[in-house]
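Participant: Quick one: this structure, given as structure tokens, is what I'll be asking you about.
The values are calculated or read from the model by the stated rules, or taken from the named source; none is laboratory data. Here the structure is a predicted model, which is why all the values come from computation and not from measurement. Virtual Cβ from ideal backbone geometry, glycine too; neighbours counted across all protein chains shown.
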Amino acid sequence: MVVVTPLTSGQSGVVVDFGTGQEIPLTPVSPTTYAAGPQSLYGIWDWDMSNWNLLSHMALAAVAEPFPLTQTPKWVQASNLATQTVSVVTPTGSSTSYETDTNNPVCWYGMTGITGCTSYNQFGWTISLPNTTTSGTTTNYEQVIYNPSVWQGVFQINTTIPSGSTIFSCTIELPSGYTMLINPTTGGGYTSSPFLDGSGNPITVGGVAVSGVQTGGTGTITNISAGGNNFWLTDTSNGTQTSGAEQAEGASTGHRVTWSQLR
């Protein structure tokens with residue numbers, strides 16, 4: 001998902017938001033398998049916009065080559081990314097779990113004046129997806145296997161938590177997962193949650209704005225408007241649909257693009 005979004009006051013940039021993961025469907029002799037190891041969400045700043053700015057009427061945030069030819073490796077590393085932390089909360093008496101998200105600043109490389117920053121060496125953000133299940137001795141990790149979307153400044157994505165079932169299980173459990181609505185620029189949660197309750201109020205748990213709801217959502221989240229209200233809508237792993245009210249958070253725009261896999 002490529003998003004044009006404000007990086008600092010008065011300066012917009014291109015941020016590429018995506019998640020990692022893989023699902024390989026079951027066969028007659030093997031179960032559905034997923035990417036091994038912890039998976040993450042990322043937002044990476046495309047800083048190489050100098051040539052674009054020479055040709056376009058809309059200038060975007062750009063810097064000169066930040067990685068010297070002597071640097072090894074010559075790419076963005078985890079140390080160059082702001083880290084957001086997602087926590088899972090299940091309120092007492094509730095059958096639904098929620099996620100909250102930190103809102104740490106991204107100290108964009110080459111910029112100044114960002115609240116909470118003392119040095120400026122970051123090119124984006126990352127979130128380690130926290131949930132796991134166990135199949136026998138195998139740990140299955142929460143991951144992203146569906147395309148995200150952006151609506152009115154909100155990065156929308158369904159995560160998948162693989163089922164703990166195996167081909168030998170007598171009872172088949174469906175995959176679960178979270179519908180997440182977060183800031184595409186920082187990966188952080190919003191002060192006022194995009195998720196609204198039935199009365200139109202932002203949803204909180206323990207006084208903290210909610211950034212994710214356990215829905216078992218599948219596919220890409222879509223948005224509809226009805227009666228002057230806005231809603232997110234998604235299919236789920238049990239074949240039904242679920243939806244909820246959503247409030248806009250900003251004016252970021254984005255769309256999915258085609259890319260090539262390097263082998």
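Participant: Do you know which residues across the stretch 6-20 are more than 12 Å from the chain's Cα centre (by Cα), modelled with pLDDT of 85 or more and either in a loop (DSSP other than H, G, I, E, B) or closer than 20 Å to residue 117 by Cβ (or both)?
Facilitator: The answer is 6, 7, 12, 13, 15.
Participant: Continuing with this model, one more query. Among the residues that make up the stretch 96-115, is at least one of them out of contact with any Gly (no Cβ under 9 Å at 6 or more places or on another chain) and within 20 Å of residue 180 (Cα to Cα)?
Facilitator: yes
Participant: Only residues that are part of a strand (DSSP E or B) and either surrounded by 13 or more Cβ atoms within 10 Å (Cβ to Cβ) or modelled with pLDDT of 95 or more (or both): list them for the stretch 21-53, please.
Facilitator: Scanning the stretch 21-53 gives 23, 33, 34, 40, 41, 42, 43, 44, 45, 46.
Participant: May I ask you to say which residue of 95, 56 is exposed (fewer than 12 other Cβ atoms within 10 Å of the Cβ), over 22 Å from residue 8 (Cα atoms) and without any contact (Cβ under 8 Å) to a residue 60 or more places away in the chain?
Facilitator: 95
Participant: Starting from the stretch 226-249, take each residue that is touching a residue at least 60 places away in the same chain (Cβ under 8 Å) and among the aromatic types (Phe, Trp, Tyr) and list its partners that are surrounded by fewer than 18 Cβ atoms within 10 Å (Cβ to Cβ) and in a strand (DSSP E or B), counting only C-beta distances under 8 angstrom and pairs at least six apart or across chains.
Facilitator: Note: pairs meeting the criteria are 232/222; 232/223; 232/243.
Participant: Which one of the conditions (1) surrounded by fewer than 23 Cβ atoms within 10 Å (Cβ to Cβ); (2) modelled with pLDDT of 95 or more does residue 211 fail to meet, given that it meets all the rest?
Facilitator: Exception for residue 211: condition (1).
Participant: Give the residue that is nearest to residue 212 (Cα to Cα), with candidates limited to residues of the stretch 141-166 that are in a strand (DSSP E or B) and out of contact with any Gly (no Cβ under 7 Å at 6 or more places or on another chain).
Facilitator: 156
Residue by residue, here is whether (1) closer than 17 Å to residue 239 by Cβ; (2) modelled with pLDDT of 95 or more; (3) assigned to a loop (DSSP other than H, G, I, E, B); (4) within 15 Å of the chain's Cα centre (by Cα) holds:
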residue: 168; (1), (2), (3), (4): no, no, yes, no
residue: 184; (1), (2), (3), (4): no, yes, yes, yes
residue: 187; (1), (2), (3), (4): no, yes, yes, yes
residue: 223; (1), (2), (3), (4): no, yes, no, no
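Participant: So for the stretch 140-149 (the condition being closer than 14 Å to residue 39 by Cβ, modelled with pLDDT under 95 and out of contact with any helix residue (DSSP H, G or I) (no Cβ under 7 Å at 6 or more places or on another chain)), does at least one residue qualify?
Facilitator: Yes, there is a match, as at least one residue in the stretch 140-149 is closer than 14 Å to residue 39 by Cβ, modelled with pLDDT under 95 and out of contact with any helix residue (DSSP H, G or I) (no Cβ under 7 Å at 6 or more places or on another chain).
Participant: Somewhere in the stretch 123-137, is a residue over 16 Å from residue 17 (Cβ atoms), assigned to a loop (DSSP other than H, G, I, E, B), in contact (Cβ under 8 Å) with a residue 40 or more places away in the chain and touching a Ser or Thr at 6+ places or on another chain (Cβ under 6 Å)?
Facilitator: no
Participant: Within 24 Å of residue 250 (Cα to Cα) and aromatic (Phe, Trp, Tyr): is that true of residue 42 in this structure?
Facilitator: yes
Participant: Kindly provide the set of residues from the stretch 187-203 that are surrounded by fewer than 16 Cβ atoms within 10 Å (Cβ to Cβ) and of a type in the set (Ser, Thr, Tyr), ordered by number.
Facilitator: Those that are surrounded by fewer than 16 Cβ atoms within 10 Å (Cβ to Cβ) and of a type in the set (Ser, Thr, Tyr): 191, 192, 199.
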